[in-house]
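*Asks:* Structure incoming, see below.
Read-outs throughout are calculated quantities, based only on the coordinates presented, and are distinct from any laboratory measurement. All figures in this text were calculated on a predicted structure; none of them were measured in a lab. Here Cβ is always computed from backbone atoms with ideal geometry, including for glycine, and neighbour counts include all displayed protein chains.
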Amino acid sequence: MSTTSTALTPELNQYIADLFSAEDDFLRTLRTEAEAAGIPPIHIAPEQTGFLQVLLRAIGATTILEIGSLAGYSAIAMARALPPHGTLTALELHPTYAEFMTRKAHEAGLGSVINVVVGPALDSLAALDPTEQFDAVFIDADKPNYAKYVEAVLPMMRPGGVIIGDNALAWGEVANEQTTFEPENVHGIRSFNSYVASHPRLQATLVPLGDGMTIATVLAS
Ligand SMILES: C[S@@+](CC[C@H](N)C(=O)[O-])C[C@H]1O[C@@H](n2cnc3c(N)ncnc32)[C@H](O)[C@@H]1O
């Protein structure tokens, strides 16, 4: 029996990435091309790609919604875990990032799978067909709105689906009440974590991979 969790050192993290990352040459090149195009390197960590694919395959996901897509790194990784008829809707604020991502989705052979919607995600969500059903939602946009995103997507989730929020450890600051590091963002993450932890229609946990992912499964109402 163990009463403590093993802390993830850089060496252990590298071990996980070496063995379980789903990053290939295409995704590696996407990262370098995005950086060369002036897009900030704030995508998920390579070791998160394999985890997301395992999770999506385990629940048999065919419809994914991503909120905050940047250059398409996580979207392309997740779309690769979809069956042939699957779809991924990607909500992204910045037109130039969305354009880059759309081009990369086509290059990856996923042009008909990934649909990029440009604009503030809360507006894009409100404009979605309310009969739309998602198996998985990956939230990785502006942190203060995370809980609002959950509220907006819950009616569109199928029971047994999952909601995943990235940066759940808030750059290591989530448990530091005295933090002076990006307090609005840290507070947004804390509110999101508490919201999903106590929501009667969700069962949640936090997986400390990358900067942490809070994962909530949607219970039958
Ligand atoms: C951390 S990055 C996403 C990284 C991406 N998920 C990946 O791992 O490849 C956050 C993205 O959210 C976008 N974003 C921020 N606020 C947003 C909003 N209100 N609506 C939609 N997208 C937003 C940013 O433009 C940025 O591209």
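*Asks:* Using the Cα centre of the chain as the reference point, and only Cβ charges (+1 on K/R, -1 on D/E), how large is the resulting charge dipole? Debye, rounded to the nearest 20.
*Replies:* For this selection, approximately 540 debye.
*Asks:* OK, next. Of all beta bridges DSSP finds with both residues in the chain, what is the antiparallel percent, to the nearest 5?
*Replies:* On the way: 11 of 30 bridges.
Here the share of antiparallel DSSP bridges comes out near 35 percent.
*Asks:* Please work out the ratio of the alpha-carbon Rg of the chain to 2.2 N^0.38 Å and round it to two decimals.
*Replies:* Here the Cα radius of gyration is 0.98 times the empirical estimate.
*Asks:* Report the semi-axes of the equivalent ellipsoid for the stretch 54-123 in whole Å, largest first, where each axis is √(5λ) for an eigenvalue λ of the Cα gyration tensor.
*Replies:* Values: eigenvalues 77, 35, 17 Å².
That gives 20, 13, 9 Å for the three semi-axes.
*Asks:* So, with +1 on the Cβ of K and R and -1 on the Cβ of D and E, and no other charges, what is the size of the charge dipole of the stretch 81-177 about its Cα centre, to the nearest 20 debye?
*Replies:* Computed about the Cα centre, the dipole is about 220 debye.
*Asks:* May I ask you to evaluate 6.51 cos²θ - 1.76 cosθ + 1.60, the Karplus curve with θ = phi - 60°, for each residue of the stretch 42-59 and list the ³J(HN,Hα) values in order in whole Hz, giving x for glycine and proline?
*Replies:* Result, ordered by residue: 10, 6, 5, 6, x, 5, 7, 4, x, 4, 4, 5, 4, 4, 5, 5, 5, 8 Hz.
*Asks:* Please report, in debye to the nearest 20, how large the charge dipole of the stretch 10-124 is about its Cα centre when each Lys and Arg carries +1 at its beta carbon and each Asp and Glu carries -1 there. If you can, show how the numbers build up before the last one.
*Replies:* Working: 6 positive and 13 negative charges, 59 e Å.
The dipole magnitude comes to about 280 debye.
*Asks:* Could you work out, for the stretch 53-184, what percent of all Cα-Cα pairs fall into each 10 Å distance bin, beginning at 0 Å and stopping at the bin that holds the largest distance?
*Replies:* All Cα pairs considered, the percentages come to 12, 43, 34, 10, 1.
*Asks:* Quick one: order 15, 73 by neighbouring beta-carbon count within 10 Å, fewest to most.
*Replies:* So the ranking, lowest neighbour count to highest, is 15, 73.
*Asks:* Just to be sure I understand: with springs between alpha-carbon atoms less than 10 Å apart, which residue in 126, 81, 17 has the highest mean-square fluctuation in the Gaussian network model of the chain?
*Replies:* It is 126.
*Asks:* At 4 °C and 1.567 mPa s, what whole-number value in µm²/s does Stokes-Einstein give for the translational diffusion of the stretch 87-142, with Rh from the Kirkwood sum over Cα pairs? Write down the numbers at each step before the final one.
*Replies:* Details: Rh = 12.0 Å.
D = 108 µm²/s.
*Asks:* Here's something else I'd like to know. Farthest toward the dipole's positive end in the stretch 10-218, which of 10, 76, 161, given Cβ charges of +1 (Lys, Arg) and -1 (Asp, Glu) about the Cα centre?
*Replies:* Value computed over the given set: 161.
*Asks:* Quick one: which residues, 5 or more positions from residue 202 or on another chain, have an amide H under 5 Å from its amide H? H modelled 1.01 Å from N in the peptide plane, none for Pro or chain starts.
*Replies:* Distant-sequence amide H within range of residue 202: 219.
*Asks:* In sequence order, what are the phi-derived ³J(HN,Hα) couplings for the stretch 139-155 according to the Karplus relation 6.51 cos²θ - 1.76 cosθ + 1.60 with θ = phi - 60°, rounded to whole Hz, with x for glycine and proline?
*Replies:* Coupling constants for the stretch 139-155: 9, 8, 10, 5, 5, x, 9, 3, 5, 5, 5, 4, 4, 6, 8, 3, x Hz.
*Asks:* Taking other Cβ within 10 Å of each residue's Cβ, how do 164, 39 sort, fewest first?
*Replies:* Listing 164, 39 from fewest to most nearby Cβ atoms yields 39, 164.
*Asks:* Out of residues 5 or more away from residue 88 or on other chains, whose amide H comes under 5 Å of its own, with H placed 1.01 Å from N in the peptide plane?
*Replies:* 64, 114, 115
*Asks:* Can you grab the distance from the C-alpha centre of the stretch 178-197 to the C-alpha centre of the stretch 4-72, Å, no decimals?
*Replies:* That distance is 22 Å.
*Asks:* Based only on other Cβ atoms within 10 Å, what is the fewest-to-most ordering of 149, 195?
*Replies:* 195, 149
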